[in-house]
Amino acid sequence: MFKKHIATIATVLIATLLFASTVLASTIDPVARTVTTSQFFVDFSDTNPEEIVDIRWNGSGNLTNTAAVAGCPDDLEYFGNSWVTQDEGTPSFVFGSIVGWGTTGAWNNLGSQIVRVDSSSSGCPASLEIPVRTNYRFYDRGPWVNRFRVTRRFSFGRTPLPNNVRAYIPRLYPLSDYTQVLHPDASGASLLTETSSACPFGCQVNDWNGTWFAIHDPSAGQGIIVRRFPSRRVNVALWVDKDLASNTTSSNVLLLSPPAGFRGNLTEVEYICFYDSSTWSPSLSLPPGC
């Protein structure tokens, strides 16, 4: 009888573990260009390998949006694009597209948790034709299931790029909901709040310690935390912004150009962590796994 009980318990444990692994295991469909994990569904464009057209978390609807802008038939604004923008709203305005607007390349999965994209933006006005490699790392268990890692390498080459770079632009939809950007101050001792409505042409925030910021919906208590892995090669600021074409909040890390401009290879690593009021109340302490 005792052996039968042990066998029964062992059978239940094995079945439970198999069921848990089935539920939690991440899968990548290289034909449909989709990623499915226990918490995420991410759908990439069929034609633009960098473009995320649909991102869902914890059973939500689509949390992002895309938009084409006059001058190119391809979308310019989407979750994960990259720009050069300076002095918007002035006669000295500078714009260049690094990821977005004519972006083509290769989309591949490396196993069930990693997506690799090699791309370049060309053929549209202000396409900068800078080779880019973007790796996404997803997680299927543990405290990290609510986040994914983005590693983006820019190959600027020998010709210097003298402008600041918006390395990876996450977009939350609609911007009427995601109205706040939360971040620590430069000392890391105080939590500050910015509003995207105050920045119609974008605002550079230097009172930031460069570690993380959150795009926040104050009514629903949900949003994303962007935590940055520090780089010794570049100084950064926080860029607070919104884009009306896609109706998205589009704040991001701003890579500040060194005096001689950007040359050679530069890698930016960021963790994108989704939260709601059950997992985080805004404070200087981040939720587990973020």
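The values are calculated or read from the model by the stated rules, or taken from the named source; none is laboratory data. Every value quoted in this text rests on a predicted model; they were computed, and no experiment measured them. Methodologically, a virtual Cβ is constructed for each residue, glycine included, from the backbone with ideal geometry; neighbour enumeration extends over all protein chains shown.
Of the residues SER45, SER60, SER92, which single one is modelled with pLDDT under 95 and either in contact with a His (Cβ under 6 Å, 6 or more places away or on another chain) or among the small types (Gly, Ala, Ser) (or both)?
SER92
Residue under question is ASN108, and the condition is that it be part of a strand (DSSP E or B), at negative phi and touching a residue at least 40 places away in the same chain (Cβ under 8 Å); does it hold?
Taking the combined requirement at face value, the residue satisfies it.
Could you please find all residues in region 238-252 being outside any loop (DSSP other than H, G, I, E, B) and either within 14 Å of VAL84 (Cβ to Cβ) or free of Cβ contacts under 8 Å to residues at least 12 places away in the same chain (or both)?
TRP239, ASN252, listed by residue number.
Scan region 135-154 for residues that are of a type in the set (Phe, Trp, Tyr) and farther than 20 Å from GLY264 by Cβ and jot them down. Walk me through it before giving the result.
Pass one, region 135-154, residues of a type in the set (Phe, Trp, Tyr): 136, 138-139, 144, 148, 154.
Residues satisfying the conditions are TYR136, PHE138, TYR139, TRP144, PHE148.
Output the residues belonging to region 253-290 that are part of a loop (DSSP other than H, G, I, E, B) and acidic (Asp, Glu).
Correct list: ASP276 only.
Within region 22-52, can you find the residues that are part of a strand (DSSP E or B), of a type outside the set (Asp, Glu), out of contact with any Phe, Trp or Tyr (no Cβ under 7 Å at 6 or more places or on another chain) and surrounded by 18 or more Cβ atoms within 10 Å (Cβ to Cβ)?
ILE28, THR36, VAL42
Only one of these is over 30 Å from GLY111 (Cα atoms) and out of contact with any Ser or Thr (no Cβ under 8 Å at 6 or more places or on another chain): PHE148, PHE201. Name it.
It is PHE201.
For region 64-105, which positions are polar (S, T, N, Q), farther than 15 Å from LYS242 by Cα, buried (at least 21 other Cβ atoms within 10 Å of the Cβ) and touching a residue at least 40 places away in the same chain (Cβ under 8 Å)?
The one that is polar (S, T, N, Q), farther than 15 Å from LYS242 by Cα, buried (at least 21 other Cβ atoms within 10 Å of the Cβ) and touching a residue at least 40 places away in the same chain (Cβ under 8 Å): THR103.
Scan region 75-87 for residues that are assigned to a loop (DSSP other than H, G, I, E, B) and at pLDDT below 95 and jot them down. First the steps, then the outcome.
Start the filter on region 75-87 by keeping residues that are assigned to a loop (DSSP other than H, G, I, E, B), which leaves 78, 80, 87.
The answer is ASP87, and nothing else.
Tell me, which residue of region 251-290 that is closer than 21 Å to ARG166 by Cα and among the aromatic types (Phe, Trp, Tyr) is surrounded by the fewest Cβ atoms within 10 Å (Cβ to Cβ)?
Residue satisfying both the conditions and the ranking: TYR271.
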